[in-house]
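Worksheet for the structure shown next.
The values are calculated or read from the model by the stated rules, or taken from the named source; none is laboratory data. It should be emphasised that the depicted structure is a prediction, and the values quoted were computed from it without experimental measurement. Heads up, the Cβs are rebuilt from the backbone with ideal geometry, glycines too, and the neighbour counts pull from every protein chain shown.
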Amino acid sequence: MIKKILALCTALLLATPINAFAHGEITQATPAADSKVLTAPAEVSIEFDGKLQTIGDATVNLITVTDNQGQIISSPTSVVEGSKISTKLQLTDITGLVSVHYRIVSEDGHPVEGDYSFTVGENPTLTSAQGEESAEAEAGISEESGSNLFVNGIGILILIGIVIVIVRRIKK
């Protein structure tokens, strides 16, 4: 009986999809993190790896863009289209460091926030995908750690222990 319970618990642990623990991650940002552009874009957009949640007219997904003086230069509203969120820039006659702050609710219902920046007015440079990933890491945009998987694994082990104790008491 105990072997059957342990086999069932092991099967449940192995059948649990690991990607279910992930939250919305950036797949593309325009302009890209740490990029350099000659002129300010008319729009800033970020695409995530899953559809963004919308709740009626409530503002749960938002991008705020600020110039190097901290002045907000983006529209107060953002547009969500599936997995992409974008906002228009109200002020495009700028140079220097531009900061992008986003807050979204991913398809799994978890809020995700982050920041990145790009520079306006300098000669643009090409960045590789690996360079963008390291720039995202430096900007605080990180992938979901395995902490949820670890916590769930510990929970399953505790559950297995409780089942074993109950089965042994029943046998007595």
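Quick one: would you say residue 39 is modelled with pLDDT of 90 or more and surrounded by 14 or more Cβ atoms within 10 Å (Cβ to Cβ)? Quick ask: steps written out before the conclusion?
Working: modelled with pLDDT of 90 or more: yes; surrounded by 14 or more Cβ atoms within 10 Å (Cβ to Cβ): no.
No: the conditions fail for residue 39.
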- Select, from 28, 71, the only residue that is over 23 Å from residue 110 (Cβ atoms) and surrounded by fewer than 18 Cβ atoms within 10 Å (Cβ to Cβ). 71
- Message: Restricting to segment 75-105, count the residues that are more than 21 Å from the chain's Cα centre (by Cα), closer than 16 Å to residue 59 by Cα and among the polar types (S, T, N, Q).
- Response: 1
- Out of all the residues in segment 1-31, which are at pLDDT 70 or above and within 17 Å of residue 83 (Cβ to Cβ)? 24, 25, 26, 27, 28, 29, 30
- Out of segment 46-65, which residues are surrounded by fewer than 18 Cβ atoms within 10 Å (Cβ to Cβ) and under 17 Å from residue 99 (Cβ atoms)? 62
